[in-house]
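Reading through the structure tokens given below for one structure.
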Amino acid sequence: IMEEYKENIQDEGDNVKLSSKPEEDDKSCNKVCSNIGEPVPQVSSTRGEFSDPVYKEIALANGHINRMNKDELRSKLAECKLDTRGVKDVMKKRLKNYYKKQKLSLMQSVTEGGPTDAYYDFICVVDFEATCEQDNPLDFTHEIIEFPMVLFNTHTLDIEDSFQEYVRPEVNTQLSEFCIKLTGITQKMVDEADTFPDVLKRVVLWLQEKELGTKYKYAILTDGSWDMSKFMNTQCRLSRLRYPQFAKKWINIKKFYGNFYKVPRTQTKLSSMLEKLGLQYEGRPHSGLDDSRNIARIALRMLQDGCQLRINERMHEGQLRTVPSSAPVEGAPPPHNPRSRV
């Protein structure tokens, strides 16, 4: 089944190359909403401030900043709308202080019962459905046939809107009986749909109308690595489009779920995650829109439980990479239509 195909790549995330190199083409570094003027939470003197997990994260971030060269520091400061003047040590200090304020503000909001997630205003869940066969050959080309998005507000913890369109495949134009039975997507549905480039344009317009990446900070969230690293990557290549900038970084909820609740990777399938949270699947399994809604329900519960979801995976030069926890927190850039490949 589709989820099992996606599961095949999940363990790969434990072995991917960790990169401390900042994302060259990410133009977004929006500020966290901090409570200026309020006291910074005090760390118990018996434990020492560096024994607190927040301060450990700050120390890791400082190491990441220390490895930046002057051009990288200036670029990052500009993205964060900070002063870019000064010598290297001054710029380092400025960026470190900015990130420290972010982390302390997040810690304060949690300990004082404030918003569950103070960095992203919205999180957009994506769970593609793609062409498939019961026994996929190794060289089988998966084409996206359903493009769903579910948008939820991290402050109100409400699902606010959704987008869904079917997509007409162009390589394997006839859906297999297995695919139809699995996804509920019929041949008529895809025959009457637009091709991926046209659907992607409407996705971008929908995101722009929500003012994501401009007025509001947001991130993409997926149930694993496959949706972006495999399906989106393959589809853009087939459609002769450059990989869209807004989808180059995302939250892999499987990794957060496993780490936060201390469960093995084998227990992070969608059905298992719902079950462990005391939730039942709502809708039709393997409907992209219904899967996305259920993934959103898991994410919302995790936020309520105190998990701070952050971008933890990215695409770089066509390869899947892990985003180190020490990297400064960033949101997705404003959505734009990708250029065509030459």
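Every residue in region 220-261 that is outside any loop (DSSP other than H, G, I, E, B) and charged (D, E, K, R), please.
Scanning region 220-261 gives Asp227, Lys230, Arg237, Lys249, Lys254, Lys255.
I'd like the residue in region 309-333 that is more than 14 Å from the chain's Cα centre (by Cα) and within 23 Å of Arg240 (Cβ to Cβ) and, out of all such residues, is most open to solvent (accessible area, probe 1.4 Å).
Here the residue is Glu317.
Taking the stated definitions as given, is Ile295 part of a loop (DSSP other than H, G, I, E, B) and in contact with a strand residue (DSSP E or B) (Cβ under 7 Å, 6 or more places away or on another chain)?
For Ile295, the condition - part of a loop (DSSP other than H, G, I, E, B) and in contact with a strand residue (DSSP E or B) (Cβ under 7 Å, 6 or more places away or on another chain) - is not met.
Given (1) more than 17 Å from the chain's Cα centre (by Cα); (2) open to solvent by less than 10 Å² (accessible area, probe 1.4 Å), where does Ile253 come up short, assuming only one miss?
Ile253 satisfies all of (1) more than 17 Å from the chain's Cα centre (by Cα); (2) open to solvent by less than 10 Å² (accessible area, probe 1.4 Å) except (1).
Only one residue in Thr154, Thr234 is touching a Leu at 6+ places or on another chain (Cβ under 8 Å) and surrounded by 14 or more Cβ atoms within 10 Å (Cβ to Cβ). Which one?
Thr154 is the lone residue from the list that is touching a Leu at 6+ places or on another chain (Cβ under 8 Å) and surrounded by 14 or more Cβ atoms within 10 Å (Cβ to Cβ).
Kindly establish whether Arg284 is of a type outside the set (S, T, N, Q), in a loop (DSSP other than H, G, I, E, B) and modelled with pLDDT of 90 or more.
So Arg284 passes the test.
If you go through region 264-277 one residue at a time, how many are open to solvent by 70 Å² or more (accessible area, probe 1.4 Å) and not in a helix (DSSP H, G or I)?
Here the count works out to 1.
Would you be able to tell me the number of residues in region 100-136 that are at pLDDT 80 or above and not acidic (Asp, Glu)?
The total comes to 12.
Just one of (1) closer than 30 Å to Gly331 by Cβ; (2) at pLDDT 95 or above; (3) open to solvent by 50 Å² or more (accessible area, probe 1.4 Å) trips up Val167, so point out which.
Among (1) closer than 30 Å to Gly331 by Cβ; (2) at pLDDT 95 or above; (3) open to solvent by 50 Å² or more (accessible area, probe 1.4 Å), the lone unmet condition for Val167 is (3).
Could you tell me which numbered condition Gly184 fails, if it satisfies all but one of (1) without any contact (Cβ under 8 Å) to a residue 40 or more places away in the chain; (2) surrounded by 15 or more Cβ atoms within 10 Å (Cβ to Cβ); (3) farther than 17 Å from Phe196 by Cβ?
Answer for Gly184: the failing condition is (1).
Which members of region 163-192 meet the condition of being touching a Lys or Arg at 6+ places or on another chain (Cβ under 7 Å) and under 21 Å from Cys124 (Cα atoms)?
The answer is Glu165, and nothing else.
The values are calculated or read from the model by the stated rules, or taken from the named source; none is laboratory data. In this text the structure is predicted, and so the values were computed from the model without any measurement. FYI the Cβ positions are ideal-geometry reconstructions off the backbone, even for glycines, and counts take in every protein chain you see. Ligands, DNA and RNA are excluded from the accessible area calculation, which covers all protein heavy atoms including side chains. Shrake-Rupley method; radii C 1.70, N 1.55, O 1.52, S 1.80 Å.
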